[in-house]
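Following: one structure in structure tokens, then a few remarks.
Read-outs throughout are calculated quantities, based only on the coordinates presented, and are distinct from any laboratory measurement. Nothing here was measured: the structure is a model prediction, and the numbers come from that model. Ideal geometry is used to build each Cβ from the backbone, glycine not excepted, and the neighbour counts take in all protein chains shown.
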Amino acid sequence: GTRGAGGGTSSDRDPRSPEMFADGTAPGADVESLWRSARSSCCEAKSCQTGKISTSESAVQSRTSRDVSVQTDQSKAAVPDFQQEVQVDYTSLLSFLQRVEDAVIKELNKNWKSHAFDGFEVKWTDQNETVSCLHTLSYPEAQEQNLQVTSVSWSATGSVLACSYGRLDSGDWSTEKSYVCTWNLDRRGLNPERPDLVVDVPSSVMCLAFHPSQPSLIAGGLFSGELVVWDTSRTEDPVLWRTGMTDDTHTDPVYQVTWVPGAEHGKRCRLLSVSTDGKILVWREERGGRLALAKGFAVVAQQVPRSMWLKKFDWGEAAVGVTSLSFSHFDPRVFVVGVEGGYSLKCSSAAETPARCGMSSSVPLRAPAEFTFSPHGGPVYSVSCSPFHRRVLRGGQALTVNLFLSCGTDGQVHLHSMLQPQPLISLQLSKKYLFCVRWSPVRPLVFAAASGEGDVHLFDFQKSSQKPALTLKQAAGERPVYCLEFNLRHTQLLAAGDAAGVVRVWQLSSDFTEQGPREMHHLEQLASEITD
């Protein structure tokens, strides 16, 4: 039946009764309101001028809401102020544009030739003005044993941070239990004193490296000379591969591990290790969870100045202890090593010269050193090749300049070109040791260094070539900072580990993460200071 003004129905009346027709036209019957409310419940109101209608929104709300003033076609009944089409006099507009065309073109040409905004770069991202400590991570059980953070590494995704606990100070710690810990910084409810994963290791872990593409794999080098690869997705037994103690195993602590691409295209990454026994070894995985030696090098005294011969063996040959290594970003065969004698050496993985060192090995050991750089005043602890390069003219010939940084016990950072022995710049950053140096992955003129005084130095050649742009106090009481790593994925993050067993994740300001418009030019100027 039809609904009357009072809401009742008239189905019980005689349809022939004249009273029915009177009721049907009684005052208050509002057909239009029925139509409007029906349209409103379908979200089809054609204007915003209807009277207020009480409805339950949950019953009539459409899945997609739109502004009623614009969602429908124009209606003749719509209010003119909102719906009337703007009238354009296109003839007058065309006439105006023709009159001003020459003047506009003239001004545009003038602006195009202007240098008023040279060097100006629009910043589309939010500016972070200060450097702040985002996380302070630790494993209390390791700290109770007075273990130190010996290494840090970021996963391939940039979300997970791993650190190794061990000892870098004096003493025989080869049998002391240590740990590898990981934290997922994206995890809700992150507990800075409760790692997501803790791996117990029977020997001090000296260095770590996440696999470059498989986020669950971590390689570690031990005080015992062994290498181990852990799979963090295996909760029961995370050890995936290991070298074991064989004739090929390092006889000194392993101070750096790094993943390198396989020799042939498409092959898996292999693991490279360096040790103070003088050997640089490349390992491949085999069945049964074993790492087998694939290729080997030995840094021997015959290739370097006599003043740095440190370790004499019974057979009269000398091996030079290797402490650090960094591959060139532009030639995968070229790498730089730092050694105990204070020198940095340019090396080649394509070297064929036999290394006469008398070391036992299942594969022939080659002598990789090709070039020796001017020494530090003590052992080199860290080297870092620049991910940026420039081509410069030298003797009428264009050369690609690869730059690298080195630091060591003399508290200095040396900026080197691979084309000359003398450093381009020497910086005295610490009165104590410098344990680690890393080039920024995004700023060609920025690097970070970890000091024995508990500081993380951020250096920016664009601001000063003599002093740090900023010094961060990482550890209280001048406890040394042993390691640091930039995050390649989230480039505003820098992790640093110290002797107090603490890892701090620093959030860098925009100054240290956004490249300036003339920064590569400034790098070219530095590189062009090469002397003949």
In whole angstrom, largest first, the equivalent ellipsoid semi-axes that the Cα gyration tensor gives for the range 431-532 are 25, 16, 11
Sequence order, the range 133-139: Karplus ³J(HN,Hα) from phi using 6.51 cos²θ - 1.76 cosθ + 1.60, θ = phi - 60°, Hz rounded, Gly and Pro as x, gives 8, 7, 9, 10, 10, 7, 10
A chain fully extended from residue 134 to residue 239 at 0.36 nm per residue, minus the present Cα-Cα distance, gains in nm 34.7 nm
For residue 203, other-chain or 5+-apart residues with amide H closer than 5 Å (H placed, Pro excluded) are 178
Any trypsin sites (Lys or Arg not before Pro) in the range 415-481 that lie in a DSSP loop and have at most 16 other Cβ atoms within 10 Å would be 431, 432, 463
Any GluC sites (Glu not before Pro) in the range 136-214 that lie in a DSSP loop and have at most 15 other Cβ atoms within 10 Å would be 193
Counting only residues 5 or more apart in sequence or on a different chain, those whose built amide H sits under 5 Å from that of residue 256 are 274
Convex hull around the C-alpha positions of the range 135-529: the volume in Å³ per residue is 145
Summed over the other residues with a beta carbon less than 9 angstrom from that of residue 297, with K and R at +1 and D and E at -1, the charge totals +3
Taking the range 135-529, the lysine pairs whose C-alpha atoms sit under 17 Å apart (8 or more places apart or on different chains) add up to 9
Taking Lys and Arg as +1 and Asp and Glu as -1, residues besides residue 380 with C-beta under 15 Å from its C-beta add up to 0
Extension length gain for residue 116 and residue 95 (0.36 nm per residue less Cα distance), in nm, is 4.3 nm
If each part is reduced to its alpha-carbon centroid, the range 131-148 and the range 464-532 end up apart, in Å, by 21
